[in-house]
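Data first, discussion second: the structure below is written as C-alpha cells.
The values are calculated or read from the model by the stated rules, or taken from the named source; none is laboratory data. No experiment lies behind these values; they were computed from the predicted model shown. Positions of Cβ are generated from backbone atoms using ideal geometry, with glycine treated the same way; all protein chains shown enter the neighbour counts. These area figures cover heavy atoms from the full protein model, side chains too; ligands, DNA and RNA do not enter into them. Shrake-Rupley method; radii C 1.70, N 1.55, O 1.52, S 1.80 Å.
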Number of protein chains: 2
Amino acid sequence: MKRWTTGEVAKQRNISVRTLRYYDQINLLNPSFRDDNGRRYYSEDDLFQLEKIIILKSLSLPLEDIRHVLEKLSYKQVLISHYNYLQEQLSKLQTSISNTASLINIINLEESLSWKHVSELVQNSPTSSKKWIEYFREDEIAFIQKAVPNLSNNDEKTQQYISLLQRIESCIKNNIKPESEEGFKIATQLIELSDESFQGDTNLMDKFWEIRKQPAGETGLYPISEEVLDFVERCIDNVTT
Amino acid sequence: MKRWTTGEVAKQRNISVRTLRYYDQINLLNPSFRDDNGRRYYSEDDLFQLEKIIILKSLSLPLEDIRHVLEKLSYKQVLISHYNYLQEQLSKLQTSISNTASLINIINLEESLSWKHVSELVQNSPTSSKKWIEYFREDEIAFIQKAVPNLSNNDEKTQQYISLLQRIESCIKNNIKPESEEGFKIATQLIELSDESFQGDTNLMDKFWEIRKQPAGETGLYPISEEVLDFVERCIDNVTT
DNA sequence: GCTTGCAGGTGACGTAACGTTATCTAATAT
DNA sequence: ATATTAGATAACGTTACGTCACCTGCAAGC
C-alpha cells in the first residue's frame, strides 16, 4: 500500500504542509501512520478523506462544521443553516461593494472627501431615503434603477458621467464658457450618453433632468451644484438650437 | 459644550461599549476628555469622527485602512484596492453558495452523501467541466443556464424537479407502475414544469432530454439512473398518447 | 451604617485557520 | 565531511471585538 508524506500530499492537493499539520493537530485528519521520527504518512483512504474536506471547504464551511458533516452529525441542518448564513454574507458584501463604489466615485468628483455628501449617499445613514423615487411611477423607477447610472455602480456609463462632470467643473474653474468648443463637445457627449441611458425615452429623460435640478436635500440624489446645472443647460441649448 | 459617556454614545450609535474602548485602545478614536476616575467623555467632534468610522465600516474596510482614510494617507488607492478585494470575495462567496446549494440538493435526492456525485458536481473538482455545453449552440446554452434548473440553484423550480425525482424513486422502490394514478400525476406535473422551463420551445426541450439520457460521465450533469429515466419515458408516453 | 445596583474602569483570554519564524533532526547528495 | 533538503515541534501574529473576572464611585433604599 502506497503512502505519502506531508510534502507529497501538499503538492498533490495544492495545500500547505502547515495546513496538513494543523488538521492533524485539531484531529480533523490524522494520518494513518507515524514513523519513529514522528513523520506523517497518509494512506489512500486519508487522501479520500482529504478530498471530502477540500470539497466542503469550497462551501466556505468552517472546519468544525466540516467535522460534523464528515461524522454525519445532522449534516443536513448544518448545510441549510450554512446556506442561510452565506446568503446573509452575500447581502452584506453587496452593500459594502456599492458603498465602496459610491465613495470612490465621490472622491473622483471632489478630490477630497466631503463627509456631508458621503453620509447622505451611503445607505447606512438615516438621511438617505431615496426620495427621488416619489416623483416616478413604478415602471419608471425600475427602468431608472437599471439603466441610469448611479454612484454606487462602477460601470462604464457611470464613469463617463463622472468624467463629464469633472470636465464641466474644470471649465467653470478656468472660466471656459458653455458656448466654447469644449462646451460643445461636452454637450454632444452628454446628449449621446443620456440617449443611451434612457434608450430614446425623451419624456422620461426630461422628467429626470427636471427633478435633477431640484435641491439635493429634496431628492436624495448626489448634489450637483447650480453652476454645473447651469453650464449643462446652456451648452445643451447651444447645441440643439 | 455637551459631552457624552461611553454608554450614551454606544446606545446612540448602536455599537457596544467594548467597541468604543477598543477604538480608544488602538487609538482609532480617543475621547477628548478623561476625568480623574478615567471615565471617557466624547465631544461633538468625536461623535462626527465616529460617524465617519461607522460609514467606512459599512464598506467592510479593516480598521487599519479606516485609519489611513481618515488620516488621508493615499485613501484613494486604499479604497480602490479594497474594492477589488471585495469583488474577489464576491466571486468566492457566489461559488460557495452554489456549491452549498448543490450539496443540499444532492442530499435531498440521495438521503446520504454520495461523494462520487458530489465531487463530480462541485465546480472545484477537475472532473466537472460542464460537458453538456458541447451539445448546444451558444444562444441555447444561455437560455438553458437561465431557465432550466440546475442543482446549484435554490429556486422553486429546482425544488419541484427534485421532489418529482423523489416521488419517482419512491414509485420504483414500491413497485408502483408508470401507468398508475401516481405515474399519471407525475407525468402531468413533469410536462407542466418542463413547459414552463423551456417556455414552449419543444425542440430544445426534446434535445435536452435526449442528452439527459446519455451516461452522466459524458454530460457532466447530475446522474439520473436508467430506471428513473425509463419511468419518466413510460409515464409521459402514457399521458401524451 | 450597610447593602444593593448601576455605570464606569482595567486586564486577560478566546475566537478561526492557518502563515511565519526559530530551532532541531534525519536523510540524502556532492 | 559537509551542504542541502524535507521533515518535525513550539510559539507568536493576525482581526475586531465578546466575554469573563474583578475593582470603583455614586445614589437609593433599608
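Among the residues of the range A:37-57, some residue qualifies, meaning at least one is modelled with pLDDT under 95, within 16 Å of DNA strand D (Cβ to nearest atom) and among the small types (Gly, Ala, Ser).
Of the residues that sit in the range A:167-200 and are touching a residue at least 40 places away in the same chain (Cβ under 8 Å) and closer than 16 Å to A:Glu140 by Cα, which one is surrounded by the fewest Cβ atoms within 10 Å (Cβ to Cβ)? Among those that are touching a residue at least 40 places away in the same chain (Cβ under 8 Å) and closer than 16 Å to A:Glu140 by Cα, it is A:Gln199.
In summary, A:Asn108 fulfils each of the numbered conditions (1) more than 7 Å from every other protein chain (Cβ to nearest Cβ); (2) within 16 Å of DNA strand C (Cβ to nearest atom) with the single exception of condition (2). Screening B:Ser60 on (1) more than 14 Å from chain A (Cβ to nearest Cβ); (2) of a type outside the set (D, E, K, R); (3) within 9 Å of DNA strand D (Cβ to nearest atom); (4) touching a helix residue (DSSP H, G or I) at 6+ places or on another chain (Cβ under 6 Å) shows it passes everything except condition (1).
Is at least one residue of the range B:100-114 more than 11 Å from DNA strand D (Cβ to nearest atom), outside the structural domain of B:Ile162 (by TED's automatic domain parsing) and either among the aromatic types (Phe, Trp, Tyr) or without any contact (Cβ under 8 Å) to a residue 24 or more places away in the chain (or both)? Checked the range B:100-114: no residue is more than 11 Å from DNA strand D (Cβ to nearest atom), outside the structural domain of B:Ile162 (by TED's automatic domain parsing) and either among the aromatic types (Phe, Trp, Tyr) or without any contact (Cβ under 8 Å) to a residue 24 or more places away in the chain (or both). Within the range A:106-125, being open to solvent by 20 Å² or more (accessible area, probe 1.4 Å) and within 14 Å of the chain's Cα centre (by Cα) holds for one residue alone: A:Gln123. One residue stands out in the range A:63-105 among those that are basic (Lys, Arg) and over 15 Å from the mean Cα position of the chain (by Cα): the one that is nearest to the other protein chains (Cβ to nearest Cβ), namely A:Lys76. Among the aromatic types (Phe, Trp, Tyr), open to solvent by less than 30 Å² (accessible area, probe 1.4 Å) and more than 9 Å from every other protein chain (Cβ to nearest Cβ): does that describe B:Phe136? So B:Phe136 fits the description; yes.
With respect to the numbered conditions (1) within 13 Å of DNA strand C (Cβ to nearest atom); (2) of a type in the set (Ser, Thr, Tyr); (3) exposed (fewer than 12 other Cβ atoms within 10 Å of the Cβ), which one is the sole condition not fulfilled by B:Ser91? Among (1) within 13 Å of DNA strand C (Cβ to nearest atom); (2) of a type in the set (Ser, Thr, Tyr); (3) exposed (fewer than 12 other Cβ atoms within 10 Å of the Cβ), B:Ser91 violates only (1). Return the residue satisfying two criteria in turn: it lies in the range B:1-24 and is open to solvent by 40 Å² or more (accessible area, probe 1.4 Å) and near DNA strand C (Cβ under 8 Å from one of its atoms), and of such residues it is farthest from B:Ile55 (Cα to Cα). My answer is B:Thr5.
Checked against the criterion of being surrounded by fewer than 17 Cβ atoms within 10 Å (Cβ to Cβ) and touching a residue at least 24 places away in the same chain (Cβ under 8 Å), the range B:34-42 contains one or more residues that satisfy it.
Residues that are more than 14 Å from DNA strand C (Cβ to nearest atom), under 17 Å from A:Ile15 (Cβ atoms) and open to solvent by less than 40 Å² (accessible area, probe 1.4 Å) within the range A:44-88 comprise A:Asp46, A:Leu47, listed in sequence order. The test for being in the same structural domain as B:Lys131 (by TED's automatic domain parsing) and either within 18 Å of B:Trp132 (Cα to Cα) or β-branched (Val, Ile, Thr) (or both) holds for B:Asn203. When the test is whether a residue is more than 9 Å from DNA strand C (Cβ to nearest atom) and basic (Lys, Arg), B:Arg40 does not pass it.
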